[in-house]
Every structure is written in structure tokens, then in C-alpha cells.
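Single-structure report; data block below.
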Amino acid sequence: MTTTVRLTQYAHGGGCACKIPPGELEDMVRGLLGTGPTDIELLVGLDHGDDAAAVRLDDDTAILSTTDFFTPVVDDAYDWGRIAAANALSDIYAMGGRPILAVNLLGWPRDLLPAELAKEVLRGGLAVAGEAGCHLAGGHSIDDPEPKYGLAVTGTAHPDRLLRNDAAVAGQPISLTKPLGVGVLNNRHKQTGETFPHAVASMVALNRDASKAALDAGVRAATDVTGFGLLGHLHKMARASGVTALLDADAVPYLDGAVDSAREGFVSGGTKRNLDWVRPQLDAGTADELTLLLLADAQTSGGLLVAGEVPGGVVIGEFAAPSPGITVRVR
């Protein structure tokens, strides 16, 4: 379905670029380490800002829980629903899990937008959940000044085979499983109305196969690249793992049109905030500002960032012994 309503014009930001800036978010949640039942082991919590929370159910099963929602990233309601669902499911895949159950989260401006469009959003989410083999049952909706959509997802994984963002080891290659650039292309779409079907195709593509490939290859450290950009998520992984990431800027793949769009100024405020956050612990080498902005581009439903080599992934650098005060070095 192609809508005649430009959904992106009803939101102040789009997709994962509308996230609270990473530095502000870390300040908000710092110290919020609550206590839970003593008979259930928390495997992954708030400590390193990983992709999902995980508890041990038994020796063979960990339960994963995550949620993700955002304002429209494209004007087409069905595509927005598909992108938001793929993005939410990605957190489970980024932990090495299998999504089994999800519920909808919907905010809708009832007096501004027709209910038929909301139905298309939900239909898009259902289509992607079905592709993932994940039940999508019910959820919650509110009357909201801005349209918002996403999922809360429950998944399972083996507790000894979790992919974590704090398990990277010096000497391991860094792989990326999707090209960058959806942020600048989505921002161009929002500002001009131009459409980029290849960007939509990238965003709706599930990270399921990449997750399985990583597990089959014995990988233990991974995360997905979303609103904090490649630099932001790489910074978080290196910091949590106690290593420094050596990033080969020339090896990073981009979607067609992304570099030109960035050069023409279609860079979101979220991307600029990402770069500002990482910059104090970034050795940019000879990389220019345009390259750094592209590396910090706020992605929506991006690929996996993996400590190891995986089929279909592109090696973009390696993890090295820690350098004091530096988490990412661009070369």
C-alpha cells in the first residue's frame, strides 16, 4: 500500500534517530540496578546497555526480553510497521536468541490520522513477525499526539551461547552484516519525499540468518547497529569488553546514495549527537568530518556488529588490546 498521507511529517524525528541521546540515556539509568527474585539468575541486565535482558530459566534455557518503538521512518504505513517490527525483533537476534512471542505497542493521533492507516501499520508488523516465526498477540495502544509503533518481544536462547556486547577479545576481527546509510536516506525521504526502496529492503530484512551464522561460527560477542550508529555501538562494545576497536573506514559498506546524501546535508540531529558522544574516546586518525558522520549515522533496523567472521558479513576492522582513553581508533 502507498499512502497519500506523509506519516514522517507527523513526527519530530524518524525511526531510531528519535532516540534519547546515548549520553543522556546513560545518565538516566546509571545506578538503577534493582533486586529481583533470588531463585532466578539475571544473566544480562543494565550493566553494559546490551540489546535485551536475559534470565536463566534452567540449564538449557534463557528467557530474553526487549522492547523497541519509534516514530515513522517512512511515509508508507505498511512499510513502517514492517521496519519497526524487524527492528524490535533484532534485539533478540543480536543476543543469539529466537523470538517466540511479541505484543504491539501503538501510539496514534486519532484526531489527525485515520484508523485505516493504523491498521496498515499493525498489518506490517504482523507480516514480519510471521516471517520470523514469532507469535504476535495483542498489545497496548494509546491516543498520542505523534504516531509511534513497535513491539515488546520475548525470546529464548541457550544461557551458555548468548551473544553479548561485553565479550569481545583482542585479536578478533570486526564484522558488519548490513551496509550503513539508512539514516541519511530516511532523513532525505522525510525532507524531500524521495523514496529509497533499497533502504526499506535493508531495514525489513531480519537479522535471523546473521545471528545463526554467528552462533554456528562460535561467536560470543555481538550487538546490532541501530540509533547510536556504528561508532556508538562499537564504542559501547569496546568499552564493555575492555578492548579498543580498530576500524578500517574504507572497508565499511554503504547503501547506494548514502554518501552523496550525507554530502548534501541530509544528516540527522541524532547522528550529530552520536558523534559528539563518542568523540572524547575516539581517535579519528585522518578521517574527515563527513566520514565520521557517516560512521555515526543513526541506523534503523541495522545489521549485526560481530566480534568474529561470519558468512555474508564484511570485515571492517579488528579488536585490539586497550589503549588508555580510546575505545575506537579509525584508520
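Here, each number is a calculation from the coordinates, and none is a lab measurement. Bear in mind that the values here come from a model prediction, so they are computed numbers and not experimental data. In this analysis, Cβ positions are derived from the backbone assuming ideal geometry, glycine residues included, and neighbour counts consider all displayed protein chains.
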*In whole Å, largest first, what are the principal axis extents of the Cα atoms in region 88-185?*
56, 33, 21
*Expressed as a rounded percentage, what relative contact order does region 173-330 have, with Cα pairs under 8 Å and six or more residues apart?*
48
*What number, in percent, do you get for the relative contact order of region 163-266 if the mean sequence gap of Cα pairs under 8 Å and at least 6 apart is divided by its residue count?*
54
*Hey, can you grab everything whose amide H is under 5 Å from the amide H of M95? Only 5+ residues off in sequence or another chain; H modelled, so Pro and N-termini drop out.*
none
*asked:* If you restrict to DSSP beta bridges whose two residues both lie in region 173-330, what percentage is antiparallel, to the nearest 5?
replied: 70
*Taking the convex hull of Cα positions in the chain, its mean projected area over all directions (nm²)*: 16.0
*Farthest toward the dipole's positive end in the chain, which of L101, G308, V74, given Cβ charges of +1 (Lys, Arg) and -1 (Asp, Glu) about the Cα centre?*
V74
_Per-bin percent of Cα-Cα distances, region 173-330 [5 Å]_ = 2, 10, 20, 22, 21, 13, 8, 3, 1, 0
*Stick to the Cα atoms of region 134-173, pair each with every other, and give me the Kirkwood hydrodynamic radius in Å at one decimal.*
14.7
*Which Cα, out of T38, Q191, A85, lies furthest along the positive dipole direction of the chain (beta carbon charges, K/R +1, D/E -1)?*
Q191
*Mean separation of Cα pairs under 8 Å and 6+ residues apart, divided by the residue count of the chain: what relative contact order is that in percent?*
23
*Would you work out which of P173, P159, L57 lies farthest towards the positive end of the dipole of the chain? Charges go on Cβ: Lys and Arg +1, Asp and Glu -1.*
P173
*L136's amide H: which non-local residues (gap 5+, or another chain) put their own amide H closer than 5 Å, with H modeled 1.01 Å from N in plane and none for Pro or chain starts?*
A102
*Quick one: putting +1 on the C-beta of Lys and Arg, -1 on the C-beta of Asp and Glu, what dipole do you get for the chain around its Cα centre, in Debye to the nearest 20?*
160
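Looking only at the chain, where both bridge partners belong to it, what percent of the DSSP beta bridges are antiparallel (to the nearest 5)?
If we restrict to bridges inside the chain, about 75 percent are antiparallel.
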_Could you sort the peptides 315-326, 259-270 by per-residue average Cβ neighbour count (10 Å cutoff), highest mean leading?_
259-270, 315-326
